[in-house]
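J.: Okay, handing you the structure first.
The values are calculated or read from the model by the stated rules, or taken from the named source; none is laboratory data. Just so we're clear, the structure is a prediction, and the values are computed from it rather than from any experiment. Every residue, glycine among them, receives a Cβ derived from its backbone with ideal geometry; neighbour counts consider all protein chains shown. Each accessible area value is taken on the protein alone, full model and side chains, heavy atoms only, with ligands, DNA and RNA left out. Shrake-Rupley method; radii C 1.70, N 1.55, O 1.52, S 1.80 Å.
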Amino acid sequence: MSKEKILKNDQKYIWHPLTQHKNAAEPLAISHASGNYLFDFDGNKYFDGISSWYTCSYGHTNPKLTTALKNQVDQLHHVVFAGMTHEPAAMLSEKLIAILPNNQQKLFFSENGSTSVEIALKMAFQYHFNQGEKRNVVVALDNGFHGDTFGAMSASSLSVYNGPFEDFFIDVIRIPAPTKDNLEQILQGVTSILEEHEVSSFIYEPLVQGAAAMQLNDAESLCQVINKFQQHGVIAIADEVMTGFGKTGTNFASDQIGAKPDIICLSKALTGGIMPMAITSCTQKIFDAFYDEQLAKGLFHGHTYSGNPLGCVVASAAIDLLTSSDIQKRIQEISNWNKDFANQIENHHKVADVRSIGVILAIDLAIEMERYGNKRNEIFQWFWKQGMFLRPLGKTIYIVPPFTSTKEEMNDVYILLLKFLTEFN
Ligand SMILES: *Cc1c(COP(=O)(O)O)cnc(C)c1O
């Protein structure tokens, strides 16, 4: 198909995510992707500065992942996962449990981050219900993001986009993201929440709140908040859909926090961006609360594509890549290069704040603007013209580059960011 025909069909038939079609710019047609680059129909290439929403951490069309997919394609595409099982799921489970925080024992499969969160919330509600307790409140962090289905949306911070749905949300109480400065106050707040409400679960994005423009929370303070909730029987849910699989410098952000979650939500880089897949992992304690003679105590939740074999084989191959010494070394190198660059621009007059953790680097510009407003679009366009794909969030520019990025490529990224700071007004 020609680029013109693609765009014509797109305009005629397609309703894009997160888009107001009345004033949206024409979408960019991508012809193919390879390594750390996207290619358009005119032969231009663009460095994928955000790993296509944190999925393609091993670069696009990574040969190891492609081979795993090809080897599976003639064996088994899909089969019902209720009452049946297969090698790809058995293989992936062993590999994933081996790298997850060691209290995680059971894996529940679905297809996207939102459903992994939905399942986590339901597990927590029913965990209490099965033990004769009705706990109906979820506690979440201010400015969190957990997805777009109802439970996940309820737990996410209120935004202008949620207006039509607010009346239908589940009961959520929000607390500020813990820092060293507000910890005492938060712990007091949590004490009164626990006195006044029947709290089922506490959901949090460990270390980094992605959609809040890469805000960092303090590991030690968060640990104390999690401990406090767990002491009161509240289920701790770590939403690692974004932070999972190496992005914060460790396999999981929870590895850097003393308190271990009861449930972990995973998706995005789980399959290295090849197949849509998600997993909600949990401890034996959670699983055991559903294990009973009574049928109704089971978790009656299921998605048609649960445990899809093609997703499982690429996820296994992605874990092999993640745990390889080459990738582990590069994650540390990118983390260090990011830190050096952050130090270099810290005092730049157009930089209000710069922060980095693992491969994530975020720069708050010293200007005010709307989250998806015109200025933000100009910034997007500026980087696109210079050959880099970024999605600024309001005045925050951030990168989450693939782990396969080389020193030369990262240098080019930093040079471009500096050029932007110099030229953009
Ligand atoms: C992206 C994201 C989700 C939602 O995942 P989808 O696959 O888009 O439904 C949930 N939580 C976090 C932290 C995310 O970054």
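J.: For the subset of the range 250-282 comprising residues that are open to solvent by 10 Å² or more (accessible area, probe 1.4 Å), more than 13 Å from the ligand (Cβ to nearest atom) and closer than 27 Å to Asn336 by Cα, which member is farthest from the chain's Cα centre (by Cα)?
T.: Gly258
J.: Condition check: surrounded by 13 or more Cβ atoms within 10 Å (Cβ to Cβ) and over 15 Å from Phe229 (Cα atoms). Does Gly210 satisfy that? Walk me through how you get there before you give the answer.
T.: Details: surrounded by 13 or more Cβ atoms within 10 Å (Cβ to Cβ): yes; over 15 Å from Phe229 (Cα atoms): yes.
In short, yes.
J.: Which residues, taken from the range 26-48, are more than 30 Å from Ile327 (Cα to Cα) and under 26 Å from the mean Cα position of the chain (by Cα)?
T.: Residues of the range 26-48 more than 30 Å from Ile327 (Cα to Cα): 26-29, 41-42.
Pro27, Leu28, Ala29, listed by residue number.
J.: Please determine whether any residue of the range 139-155 is farther than 14 Å from Ile203 by Cβ and more than 14 Å from the ligand (Cβ to nearest atom).
T.: Scanning the range 139-155, I find no residue that is farther than 14 Å from Ile203 by Cβ and more than 14 Å from the ligand (Cβ to nearest atom), so the answer is no.
J.: Would you point out which residue out of Ser52, Ser116, Ser110, Ser57 is in the same structural domain as Ile379 (by TED's automatic domain parsing), open to solvent by less than 30 Å² (accessible area, probe 1.4 Å), of a type in the set (Ser, Thr, Tyr) and under 16 Å from the mean Cα position of the chain (by Cα)?
T.: Values: Ser52 fails: open to solvent by less than 30 Å² (accessible area, probe 1.4 Å); Ser116 fails: in the same structural domain as Ile379 (by TED's automatic domain parsing); Ser110 fails: in the same structural domain as Ile379 (by TED's automatic domain parsing).
When all the criteria are applied, what remains is Ser57.
J.: Moving to a separate point now. Which members of the range 156-185 meet the condition of being more than 24 Å from Thr19 (Cα to Cα) and either within 16 Å of the ligand (Cβ to nearest atom) or open to solvent by less than 80 Å² (accessible area, probe 1.4 Å) (or both)?
T.: Here is the first cut: in the range 156-185, the ones more than 24 Å from Thr19 (Cα to Cα) are 170-185.
Hits for the range 156-185 are Ile170, Val172, Ile173, Arg174, Ile175, Pro176, Ala177, Pro178, Thr179, Asn182, Leu183.
J.: Sticking with this structure for a sec: Could you grab me the full set of residues in the range 1-18 that are assigned to a loop (DSSP other than H, G, I, E, B) and of a type outside the set (A, V, I, L, M, F, W, C)? Before the answer, list the steps.
T.: As a first pass, look at the range 1-18 and keep what is assigned to a loop (DSSP other than H, G, I, E, B): 1-2, 14-18.
Matches in the range 1-18: Ser2, His16, Pro17.
J.: Within the range 337-355, can one find any residue that is open to solvent by 10 Å² or more (accessible area, probe 1.4 Å) and closer than 15 Å to Ser57 by Cβ?
T.: no
J.: Moving on. Which of the residues spanning the range 21-36 are more than 21 Å from Gly272 (Cβ to Cβ) and hydrophobic (A, V, I, L, M, F, W, C)?
T.: Of the range 21-36, the ones more than 21 Å from Gly272 (Cβ to Cβ) are 21-29.
Within the range 21-36, Ala24, Ala25, Leu28, Ala29 meet the criteria.
J.: Yes or no: Glu87 among the charged types (D, E, K, R) and within 16 Å of the ligand (Cβ to nearest atom)? Break it down stepwise before answering.
T.: Values: among the charged types (D, E, K, R): yes; within 16 Å of the ligand (Cβ to nearest atom): no.
Against the criterion (among the charged types (D, E, K, R) and within 16 Å of the ligand (Cβ to nearest atom)), Glu87 does not qualify.
J.: Examine the range 75-98 for a residue that is hydroxyl-bearing (Ser, Thr, Tyr) and closer than 30 Å to Val139 by Cα, and state whether such a residue exists.
T.: Going through the range 75-98, the residues hydroxyl-bearing (Ser, Thr, Tyr) turn out to be 85, 93.
When the remaining residues are screened for being closer than 30 Å to Val139 by Cα, the result is 93.
So far as the range 75-98 goes, yes, one or more of its residues are hydroxyl-bearing (Ser, Thr, Tyr) and closer than 30 Å to Val139 by Cα.
J.: Also, I was wondering about something else. What helices (runs of 4 or more DSSP H) completely inside the range 112-221 contain at least 2 residues that are touching a His at 6+ places or on another chain (Cβ under 7 Å)? Don't jump to the end; show me each part of the working.
T.: On the way: elements: 113-129, 150-155, 183-196.
Answer list for the range 112-221: 113-129, 150-155.
J.: Please verify whether the range 33-48 includes one or more residues that are within 16 Å of the ligand (Cβ to nearest atom), of a type in the set (Phe, Trp, Tyr), under 30 Å from Leu416 (Cα atoms) and open to solvent by less than 90 Å² (accessible area, probe 1.4 Å). Even if it seems obvious, please write down each step before you answer.
T.: Of all residues in the range 33-48, those within 16 Å of the ligand (Cβ to nearest atom) come to none.
Among the residues of the range 33-48, not one is within 16 Å of the ligand (Cβ to nearest atom), of a type in the set (Phe, Trp, Tyr), under 30 Å from Leu416 (Cα atoms) and open to solvent by less than 90 Å² (accessible area, probe 1.4 Å), which makes the answer no.
J.: Also, quick follow-up: Among the residues of the range 19-37, write down those that are under 26 Å from Phe403 (Cβ atoms) and either among the hydrophobic types (A, V, I, L, M, F, W, C) or assigned to a loop (DSSP other than H, G, I, E, B) (or both).
T.: Passing the criteria: Leu28, Ile30, Ala33, Asn36.
J.: Take the range 202-249 and flag every residue that is among the charged types (D, E, K, R) and away from the ligand (no atom under 16 Å from the Cβ). Working first, answer last.
T.: Narrowing the range 202-249 to residues among the charged types (D, E, K, R): 205, 218, 220, 228, 239-240, 247.
Selection gives Asp218, Glu220, Lys228.
J.: Search the range 279-295 for residues that are assigned by TED's automatic domain parsing to the domain that holds Phe125 and aromatic (Phe, Trp, Tyr) and pair each with any residue that is assigned to a loop (DSSP other than H, G, I, E, B) and surrounded by 11 or more Cβ atoms within 10 Å (Cβ to Cβ) when their beta-carbon atoms are under 7 Å apart and the residues are at least 6 apart or on different chains.
T.: That search, which allows pairs on different chains as well, returns Phe290/Asn130; Phe290/Gly298; Phe290/Leu299.
J.: Identify, please: which residue in the range 136-153 is crowded, with 21+ Cβ neighbours inside 10 Å and more than 14 Å from the chain's Cα centre (by Cα) and is, among those, farthest from Ile170 (Cα to Cα)? Break it down stepwise before answering.
T.: Initially, the range 136-153 is screened for residues crowded, with 21+ Cβ neighbours inside 10 Å, giving 138-141, 144-147, 151-153.
With more than 14 Å from the chain's Cα centre (by Cα) added as a condition, the list becomes 138-141, 151, 153.
Details: Val138: 8, Val139: 11, Ala140: 12, Leu141: 15, Gly151: 7, Met153: 9 Å.
Checking each candidate, the answer is Leu141.
J.: Do we find a residue being under 23 Å from Lys260 (Cα atoms), within 17 Å of the chain's Cα centre (by Cα) and among the hydroxyl-bearing types (Ser, Thr, Tyr) anywhere in the range 88-96?
T.: No, every residue in the range 88-96 fails to be under 23 Å from Lys260 (Cα atoms), within 17 Å of the chain's Cα centre (by Cα) and among the hydroxyl-bearing types (Ser, Thr, Tyr).
J.: Given the structure, is Gln231 surrounded by fewer than 20 Cβ atoms within 10 Å (Cβ to Cβ) and modelled with pLDDT of 95 or more?
T.: On the way: surrounded by fewer than 20 Cβ atoms within 10 Å (Cβ to Cβ): yes; modelled with pLDDT of 95 or more: yes.
In short, yes.
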